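The values are calculated or read from the model by the stated rules, or taken from the named source; none is laboratory data. The structure presented is a predicted model; accordingly, all values stated were derived computationally and were not measured. Virtual Cβ from ideal backbone geometry, glycine too; neighbours counted across all protein chains shown.
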Amino acid sequence: MVPVADPCSFASFSKCLTKHLNLTYQVDFDNHVLKGKVALTVEVLEDKFSVLTLDTKDLKILKVSANGQTAKFALGAKHSYKGSPLEITLPLELSRGQHVIVEIEYETSPRASALQWLSPAQTAGKKQPYLFSQCQATHCRTLVPCQDTPSVKHTYYAQVSVPKELVALMSAVQDGQEPDPNDTSRVIYRFRQPVPMPSYLIALVVGALESRVIGPRSKVWSEKEYVDKAAFEFSETEMMLKTAESLAGPYVWGQYDLLILPPSFPYGGMENPCLTFVTPTLLAGDRSLSNVIAHEISHSWTGNLVTNKTWEHFWLNEGHTVYLERMIGRALESEQFRQFKAMGGWKELHESIERFGANNVLTNLVPSLQDVNPDDSFSSVPYEKGFALLYYLEELMGGPEVFMGFVKSYIQLFAYSSVTTQEWKDHLFTYFKDKVDLLNKVDWNAWMHTPGMPPVKPEYDTTLADACIALAQRWLKAKDADLVGFSEADIKQFSSHQLIEFLALLLVEDPLPLSHVKRMQEVHHFNSIANSEIRCRWLRLCVRAQWEEAVPLALKMAVDQGRMKFTRPLFRDVYNVAKFRDASVKAFKEHSATMHPVTATMVAKDLNVEHSTGL
């Protein structure tokens, strides 16, 4: 395969590849640092090899050795988001095919962007501190010196020393625990990950955690305040896993556990192998938001087993994962349900592209990330534009069963490796060799390399959406005198997915008059609904209608949880109403210190506020 450069990494993986990491951590809650040691097993790809470059950011490097001999090292100039290259001069010259073990002793910074340290007050239990990591896209380099690129996959082994009242978990299979021989107040947890994976999937959590068994290969972990609620919410995990296996092939990671994080976790979920991280905003009480779990389960194949080679090909991870997630929904619910979710996704795509601007190259399916921080490019584009392409190809090639055959063969062919869009496309043409004439009619340039909405709008089955559309239209057209005609019965038959869609339809239109949202609250009691997807959209609707009473509720939701999908739009909408602007900035400044560093940075940009996280 042709070597591909990664604009987000200093590591030159054309010269050598990391095959295994052996990690040793001591978690220091007092100083908010990890005292670490890593041994990298590196395979050399060229003759006369003597200099190794690794990615680091804000790490204090203490000592480096190669095969037991002291090695010279130097940190290069610090780049704003890429960090500093660590150049290691080996005390020996190596030839192609040889291996070297490079050992580095180091310490993380209290500002490490991969780590969030929570005080007891920021947890549900209020008694113990908590630590969790989030390495995607390029934050692993603040946790460990490594080739921090999805092009490189390796296995890992880890030992983590923590205070004995706490539990450590990683994105790996648990391999026992023992008292720390150096400190009787601490315990060492051991982990092994025998399946090669990219650095961004290394994950660590330490807290007062409990577990409940929810299936033959699954537990749910969280603080005890959430654990039973989570066990109920995610009780369908095994059924989703089996459905995914029937579509995509065997699950290779052994264990599939879920960890419910504290509210400041910035994403809906993160597909760390063996231990999916999820936001507590999924705890709706009625399992209605468990499709996020179907998404994270799907990543076990598309993302974790087959990985985008660089972040420019992120759609390969996310587009295929959305496609698989909706195929799971199809198997467990119906084809109409899949179509309904696809319609909602198209709307989200439209919103993202409007926000970026239709000519913004970051709305390309395959954007260039030269001099772009991948965090700044994050949006629903790779998810939903990617899905739209796959759905379009599915219709062109003969339907879901036919196209799923291709997806499964793509997974089998590229399992355990990283791929580019070109390699994916070459396989598509090989697999459908009898239909090449149809594939040649696809406007590939418009799909892949052109900003804005896709060149083809799919025709989705609107059965489940029709009632939502009809009700949204009634509200949009209603005069004040018509408001008495609305009643509780209007949404009695709606599922929570349909309620989400109804509110989403109103959000893409001009703001409703204040009289309308007040009447909506009278008849539908949206303020009392706990489902976070519904609540966020409802509060945004109220803020846009300039309902003053809703502003504190919207800002409360924005700061009580840190999921960027909710926090950023809520802050933006409050900020965009001139008379509420000061309230949004004040709330952000008061709470930014307790936010996840990535969230705080992005919200500060949204609100045009000076903010330094030290990242």
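Listed values, structure above:
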| quantity | calculated |
| --- | --- |
| Top-ranked residue in the stretch 540-556 [being within 24 Å of the chain's Cα centre (by Cα) and without any contact (Cβ under 8 Å) to a residue 24 or more places away in the chain; ranked as surrounded by the fewest Cβ atoms within 10 Å (Cβ to Cβ)] | Lys556 |
| Test result for Leu34, touching a Phe, Trp or Tyr at 6+ places or on another chain (Cβ under 8 Å), touching a residue at least 60 places away in the same chain (Cβ under 8 Å) and not β-branched (Val, Ile, Thr) | yes |
| Residue that is in the same structural domain as Asp148 (by TED's automatic domain parsing), at negative phi, surrounded by fewer than 21 Cβ atoms within 10 Å (Cβ to Cβ) and modelled with pLDDT under 95, where the choices are Ser109, Ser80, Ser50 | Ser80 |
| Some residue of the stretch 274-288 being free of Cβ contacts under 8 Å to residues at least 60 places away in the same chain, over 23 Å from Phe403 (Cα atoms) and surrounded by fewer than 24 Cβ atoms within 10 Å (Cβ to Cβ) | yes |
| Among (1) surrounded by 15 or more Cβ atoms within 10 Å (Cβ to Cβ); (2) over 26 Å from the mean Cα position of the chain (by Cα); (3) under 23 Å from Lys309 (Cβ atoms); (4) charged (D, E, K, R), the one test that Lys19 misses | (2) |
| Subset tally (residues that are surrounded by fewer than 19 Cβ atoms within 10 Å (Cβ to Cβ) and not in a loop (DSSP other than H, G, I, E, B)) for the stretch 89-99 | 5 |
| Residue in the stretch 178-198 that is touching a residue at least 24 places away in the same chain (Cβ under 8 Å) and not in a strand (DSSP E or B) present | yes |
| Residue list for the stretch 112-131, filter: farther than 13 Å from Val206 by Cβ and surrounded by 19 or more Cβ atoms within 10 Å (Cβ to Cβ) | Ala112, Ser113, Ala114 |
| Out of Thr363, Thr276, sole residue that is farther than 23 Å from Tyr410 by Cβ, at pLDDT 95 or above and not hydrophobic (A, V, I, L, M, F, W, C) | Thr363 |
| Residue count, the stretch 208-243 (criterion: among the acidic types (Asp, Glu) and assigned to a loop (DSSP other than H, G, I, E, B)) | 2 |
| Members of the stretch 5-16 found to be buried (at least 18 other Cβ atoms within 10 Å of the Cβ) and either over 26 Å from the mean Cα position of the chain (by Cα) or assigned to a strand (DSSP E or B) (or both), listed by number | Cys16 |
| Residue identified as farther than 22 Å from Val278 by Cβ and loosely packed, with under 14 Cβ neighbours inside 10 Å among Ala578, Ala604 | Ala578 |
| Asp482 assigned to a helix (DSSP H, G or I), more than 27 Å from Leu553 (Cα to Cα) and not assigned by TED's automatic domain parsing to the domain that holds Thr567 | no |
| The stretch 549-605, residues that are of a type in the set (Ser, Thr, Tyr) and farther than 21 Å from Gly269 by Cβ | Tyr575, Ser584, Ser592, Thr594 |
| Options Leu62, Leu40, Leu75; residue that is surrounded by 14 or more Cβ atoms within 10 Å (Cβ to Cβ), in contact (Cβ under 8 Å) with a residue 40 or more places away in the chain and not assigned by TED's automatic domain parsing to the domain that holds Val598 | Leu40 |
| Residues of the stretch 355-409 classified as closer than 26 Å to Asn576 by Cα, surrounded by fewer than 17 Cβ atoms within 10 Å (Cβ to Cβ) and β-branched (Val, Ile, Thr), total | 1 |
| Which numbered condition Gly68 misses (of (1) free of Cβ contacts under 8 Å to residues at least 40 places away in the same chain; (2) exposed (fewer than 14 other Cβ atoms within 10 Å of the Cβ); (3) at negative phi) | (3) |
| Filter result (modelled with pLDDT under 95 and in contact with a strand residue (DSSP E or B) (Cβ under 7 Å, 6 or more places away or on another chain)) within the stretch 236-267 | Leu261, Pro262, Ser264, Phe265 |
| Sole exception among (1) surrounded by 17 or more Cβ atoms within 10 Å (Cβ to Cβ); (2) not in a helix (DSSP H, G or I) for Trp447, by number | (2) |
